[in-house]
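Student: The structure under discussion is supplied below as structure tokens; questions concerning it will follow.
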Amino acid sequence: MSHSPADARGAAPEPPHPATPPARQPGLWELFLACSRVGLSGFGGVLPLLRHLLVEERRLMSGADFNALLGLCQFLPGSNVVNLAVCVGARFHGARGAVVATAGLLLGPFLVMMALATAYGEWGHLAVVQDMLRGVAAAGAGLLFATALKMARNVPERWIYLPFAALMLVALVILRLPLPPLMLALLGVTGLIAYRRGRRAARLAMTAKTES
Amino acid sequence: MALLADLFLQFSILTVVAFGGITAMLPELHRLVVEQRQWMDDTTFAHLFAIAQAAPGPNLLVVSLIGWKVAGIPGAIAATLAISLPMSLVIFFLYRHWERFRDAPWREAIQTGVAPLAVGLVCASGWLIGASAGLDLRGILLTLACTGLMLVRGWHPLWYIGAGAAAGALGLV
């Protein structure tokens, strides 16, 4: 790695305002290498690594800035980390930065995947390989269930919203409905419920304020 | 070429409704590539998921493996681009204006509305992976043990993956 964080800080003069958010501009190559390292070392979750690198290690953005971008990336569909890499790259170098950051994040792991795919093509028929992969799939399914349950714990007003989780599950697993129309229909309903409840809460807060 | 175009188009449509990230997309991927297009069987789908679990990188790369199975390296590239490109373009033109509608009531409503649907999606992902892998009772017990341990202990996911591989190699599941 050509730029260590110590170099970057040592090269700059004494920071005049330690409290101001850092605004160092990384080069395109540094961006690529940093994203590659995050992509290749991310087992079971790249997001925390990306945050650590950007906010703590390289100090390229403040924690609040990162959270704001993450809010957008988690709000929109698609892969959260790819969305985030696009935002971060674009922030520093426009379209070129977006391409470089995303390519950095995906290229290394993509090559690893292709190597594994080739190995699977070669030895995937062996009984021991099939047994191992079945074991990994079983464990992976367990991790998915754990993720779903953790997410369910964070859903507010569960008695209203969790029935829709069950509805989605049944629609996908038993009815095998296609996701695009299903998602739009269910999101229309849950979104409308959330919108109306949000409105009502805002109105109640307003009247409480005027009365006091 | 027609195959690559079909792959690209189907995955592009998919990513636009992939609220809740890529793990939430597995049921639709399964429906598409196993049931509808019949590009691979259940077992292969579960195998590719397992390989992606054991490898580093963002979890969207399971899609690269699926693309590889369908049409080799060109298929892997087409699938990866299809999953990442559409929303990347949207976000590139949107991120500057995010602050303006960050506190809008409809934005919060959508976020609240998506959360329970994502729970159902990820749960369906776990279900379909387990079903595709053709788990017997011992396999289901391993799945439930991993779920329980992850909830109460939260060890790094790699430990579970390694334990699953070992249990498989020893013929326990």
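Student: Under a Cβ-only charge scheme (Lys and Arg +1, Asp and Glu -1), can you give me the dipole magnitude of chain A about the Cα centre, in debye to the nearest 20?
Tutor: 880 debye
Student: State the extension gain, in nm to one decimal, for the chain segment bounded by B:GLU35 and B:ARG138, taking 0.36 nm per residue of separation less the distance between their alpha-carbons.
Tutor: Going from the current span to full extension adds 34.5 nm.
Student: Hey, with R₀ at 41 Å, roughly what FRET efficiency would A:ALA127 and B:ARG107 work out to, going by the Cβ-Cβ distance, to 0.05?
Tutor: After rounding, the FRET efficiency stands at 0.20.
Student: Give me A:MET132, A:MET168, B:MET1 sorted ascending by neighbouring Cβ count inside 10 Å, so fewest comes first.
Tutor: B:MET1, A:MET132, A:MET168
Student: Neighbouring Cβ atoms within 10 Å as the yardstick, rank A:LEU126, A:LEU53 fewest first.
Tutor: Fewest-to-most Cβ neighbours within 10 Å comes out as A:LEU126, A:LEU53.
Student: From the phi angles alone, apply the Karplus equation (6.51, -1.76, 1.60; θ = phi - 60°) to segment B:25-36 and give each ³J(HN,Hα) in whole Hz, x where the residue is Gly or Pro.
Tutor: Couplings: 8, 4, x, 5, 4, 4, 4, 5, 7, 9, 7, 7 Hz.
Student: Based only on other Cβ atoms within 10 Å, what is the fewest-to-most ordering of A:THR118, A:THR102?
Tutor: Arranged by neighbour count, lowest to highest, A:THR118, A:THR102 become A:THR118, A:THR102.
Student: Sticking with this one: Is it possible to state the helix-based mean residue ellipticity at 222 nm for chain B, with each DSSP H run of 4+ residues giving -39500 (n - 2.57), the sum divided by total residues, to the nearest 500 deg cm²/dmol? What is it?
Tutor: After summing the helix terms and dividing by residue count, I get -24500 deg cm²/dmol.
Student: Additional query: Just tell me how shielded A:182-191 is by partners: mean number of partner chain Cβ atoms within 10 Å of each residue's Cβ, no decimals.
Tutor: Shielding by partners across A:182-191 averages 5.
Student: Treating only the Cβ atoms of Lys and Arg (+1) and Asp and Glu (-1) as charged, compute the dipole magnitude of segment B:50-173 about its Cα centre; round to the nearest 20 debye.
Tutor: 120 debye
Student: I've got another one for you. Explain nothing, just the number: dipole magnitude of the protein assembly as shown about its Cα centre with +1 on each Lys and Arg Cβ and -1 on each Asp and Glu Cβ, in debye rounded to the nearest 20.
Tutor: With only Lys, Arg, Asp and Glu charged at Cβ, the dipole is about 1040 debye.
Student: Calculate the mean, over all residues of peptide B:35-46, of how many other protein chain Cβ atoms lie within 10 angstrom of the residue's Cβ.
Tutor: 2
Every number here is computed from the coordinates shown, using simple stated rules; none is lab data. No experiment lies behind these values; they were computed from the predicted model shown. Methodologically, a virtual Cβ is constructed for each residue, glycine included, from the backbone with ideal geometry; neighbour enumeration extends over all protein chains shown.
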